[in-house]
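J.: Quick one: the structure is below, questions incoming.
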Amino acid sequence: MKKQKKNLILPLLLTGLLFGGCSSHAAQSSAEDNTDLIVVGFSQVGAESDWRNANTRSMQEALTAENGYRLILEDAQQKQEKQITAIRNFINQGVDYIVLAPTRETGWDTVLTEAKKAGIPVIIVDRMIETDDPDLFTCWVGSDFRSEGDKAVQWLEEHQDGRKLRIAHLQGSIGSSAQIGRTSGLDAGIAAHDDWTLVFRESGDFTQAKGQEMTEKLLARETDFNVLYSENDNMTYGAIEALQSAHLEPGKDVTILSFDASSKALHLILDGKINYDVECNPLHGPRVRKIIEQLESGETPLKYTYVEEVSFESSNLLESVIEGRGY
Ligand code: GZL
């Protein structure tokens, strides 16, 4: 339930002055004192991918002043230490709720214990955290990343076409649930097939630039490969750049499997440059708003909520499907 509102404006403005240019949006917000708003501190991973930007937009569109919220958004530039600092700032500012999209699974117990002691409910979104004390967060909403990997492996099994598969693997940010789950799905597939060989594995940290850099590193080795398993679309965009520069046809010379199913990637499926893309739904804003409204009305939301996700290939994809997806 909402705590007795403190005047948040002065601490927010002081925070802004002290840290000069900090990315807290509320510190730069106008000084109107809407003390009846529910204040939500959101520690976001970063802005590394189309998926992440869609996730941020979804939260901003759901948690608006018109809907009764003041959202304080902190971008951690993919660094856990920045998230820990942001959470401590949220605690000092006396927010009503903390939403955390964790960069990695481990290392949260200390700061989440501080939030618990401050009586601030924590909602985890997207990736999971590893903790011995599930009471450190109120609930979690996100994706089943191992299931995503299994879907990709199943498609590869169904489209192997008698080939021996030589697989190059671009991993996401090491230690993130998305990387852990998608990698474990591929590892299970490789273990189950004697004619599947892993020939390359590097992390592209979910960014386009690093995905291109790692694919150029692969190509420089002149290793023979016929499958690219890329753990998000932005790394895939970079990989496609590198393949085309090496006069290899993505989607034909190299079978490409990707994750996120963002609109640019789905258009690349229609262009025949990506063969299969597993959706990872970023639209958590309405889900978080519903959870907070349940908590505000004294209800107990589900502890864990997995979002429904599908997959795309040329046989089930139309331009109209892409237009209707919202990201
Ligand atoms: C998945 C999310 C991942 C996306 C990437 O839920 O954590 O992080 O797959 C993003 O695009 O960077």
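J.: Let me know the charge dipole size of the chain about its Cα centre in debye, to the nearest 20, where only the beta-carbon of Lys, Arg (+1) and Asp, Glu (-1) is charged. It would help to have the intermediate numbers written out before the result.
T.: Working: 32 positive and 51 negative charges, 208 e Å.
About 1000 debye.
J.: Roughly what would the spin-label model give for A246 and D132, points 7 Å off Cα along C-beta, in nm?
T.: About 4.6 nm, to one decimal.
J.: Still on this structure, please answer the following. Using Cα springs under 10 Å in a Gaussian network model of the chain, which residue among G285, G46, G119 shows the largest mean-square fluctuation?
T.: G119
J.: Per residue, how much accessible surface does the chain expose to a 1.4 Å probe? Answer in Å², no decimals. Don't skip to the answer; put the middle values down first.
T.: Details: 13920 Å² over 327 residues.
Each residue of the chain exposes 43 Å² on average to a 1.4 Å probe.
J.: Treating the beta-carbon of each Lys and Arg as +1 and of each Asp and Glu as -1, no other charges, what is the dipole magnitude of region 183-327 about its Cα centre, to the nearest 20 debye?
T.: Values: 12 positive and 26 negative charges, 70 e Å.
With only Lys, Arg, Asp and Glu charged at Cβ, the dipole is about 340 debye.
J.: In addition: Does region 47-155 classify as rounded, prolate or oblate by the C-alpha gyration tensor (a ≥ b ≥ c root eigenvalues; a/c under 1.5 gives rounded; else a/b over b/c gives prolate, otherwise oblate)?
T.: Numbers: a/c = 1.85, a/b = 1.30, b/c = 1.43.
Since a/c reaches 1.5 but b/c is at least a/b, the shape of region 47-155 is classed as oblate.
J.: Using +1 at the C-beta of Lys and Arg and -1 at the C-beta of Asp and Glu, which of G285, G326, Y237 has the Cα lying farthest in the positive direction of the dipole of the chain?
T.: It is G285.
J.: A further question on this structure: Can you list, largest first and rounded to whole Å, the semi-axes you get for the chain by taking the square root of 5 times each eigenvalue of its Cα gyration tensor?
T.: 39, 19, 18
J.: Would region 175-234 count as rounded, prolate or oblate if I go by the C-alpha gyration tensor, calling it rounded below 1.5 in a/c and otherwise prolate when a/b exceeds b/c, oblate otherwise? Provide the component values of the computation, followed by the final result.
T.: Working: a/c = 2.56, a/b = 1.10, b/c = 2.33.
Because a/c hits 1.5 or more and a/b fails to exceed b/c, region 175-234 counts as oblate.
J.: Students often check this: by mean Cβ neighbours within 10 Å, which of 299-305, 176-182, 226-232 ranks highest, and how do the rest follow?
T.: On the way: 299-305: 11.9, 176-182: 24.1, 226-232: 27.3.
Answer by packing, highest mean first, reads 226-232, 176-182, 299-305.
J.: Here's something else I'd like to know. Once the Cα gyration tensor of region 218-327 is diagonalised, what are the square roots of 5 times its eigenvalues, in whole Å and ordered largest first, as equivalent ellipsoid semi-axes? Write out the running numbers ahead of the final one.
T.: On the way: eigenvalues 258, 48, 21 Å².
They are 36, 15, 10 Å, listed largest first.
J.: Using the crude model of +1 on Lys and Arg Cβ and -1 on Asp and Glu Cβ, and no other charge, please compute the dipole size for region 253-314 relative to its Cα centre, in debye to 20. Mind dumping the intermediate values first?
T.: On the way: 6 positive and 11 negative charges, 43 e Å.
Dipole of region 253-314, to the nearest 20 debye: 200 debye.
J.: Helix-derived [θ] at 222 nm for the chain: sum -39500 (n - 2.57) over DSSP H runs of at least 4, divide by residue count, nearest 500?
T.: Details: 11 runs with 128 residues, N = 327.
For the chain, the value works out to -12000 deg cm²/dmol.
J.: Continuing with this model, one more query. Test of understanding: what is the full-extension gain from L318 to H193, defined as 0.36 nm times their sequence separation minus their Cα-Cα distance?
T.: 41.7 nm
J.: Here's another thing I want to ask about it. Expressed as a whole percentage, what fraction of the accessible surface of region 219-315 belongs to carbon and sulfur atoms when a 1.4 Å probe is rolled over the protein heavy atoms? Before the final figure, lay out each step's value.
T.: Working: 1920 of 4050 Å².
C and S fraction of accessible area: 47 percent.
J.: Further question: Roughly speaking, what is the stretch gain from E293 to N67, that is 0.36 nm per residue apart minus the C-alpha to C-alpha distance, in nm to one decimal?
T.: Values: separation 226, 0.36 × 226 = 81.36 nm, distance 1.07 nm.
Result for the pair: 80.3 nm of gain on full extension.
J.: Moving on to the next point. Considering the Cα trace of region 271-327, what is its radius of gyration and what is Dmax, both in angstroms?
T.: Reported Rg and Dmax, both Å: 16.1, 50.
J.: In whole percent, and with a 1.4 Å probe on the protein chains, what portion of the accessible area of region 75-179 is carbon and sulfur? Intermediate values should be presented prior to the final figure.
T.: Values: 1780 of 3960 Å².
The value for region 75-179 is 45 percent carbon and sulfur by accessible area.
J.: So, in Å, what gap is there between the alpha-carbon centers of region 122-136 and region 187-219?
T.: Between the Cα centres of region 122-136 and region 187-219 lies a distance of 29 Å.
J.: Picking from V99, T255, T113, whose Cα lies most toward the positive end of the charge dipole for the chain (charges on Cβ: Lys, Arg +1; Asp, Glu -1)?
T.: Selected residue: T113.
J.: Sort 102-108, 310-316 for me by packing, meaning the mean count of neighbouring Cβ atoms within 10 Å per residue, highest on top. Before the final figure, lay out each step's value.
T.: Details: 102-108: 19.7, 310-316: 13.3.
The peptides rank, most packed first, as 102-108, 310-316.
J.: At 1.002 mPa s and 20 °C, plugging the Kirkwood radius over alpha-carbon pairs of region 105-171 into Stokes-Einstein gives what diffusion coefficient in µm²/s? Before the final figure, lay out the partial values.
T.: Numbers: Rh = 15.0 Å.
This corresponds to a translational diffusion coefficient of 143 µm²/s.
J.: Here's another thing I want to ask about it. What do you get for the angle between helix 80-93 and the principal long axis of the chain? Use alpha-carbon atoms, 0 to 90 degrees, nearest ten.
T.: Relative to the chain, helix 80-93 is tipped by roughly 20 degrees.
The values are calculated or read from the model by the stated rules, or taken from the named source; none is laboratory data. Predicted model, so just to flag it, every value in this text is computed and none were measured. Here the Cβ is made from the backbone with ideal geometry for all residues, glycine too, and neighbour counts use every protein chain on show. Surface accessibility is based on the protein's heavy atoms, side chains included, excluding ligands, DNA and RNA. Shrake-Rupley method; radii C 1.70, N 1.55, O 1.52, S 1.80 Å.
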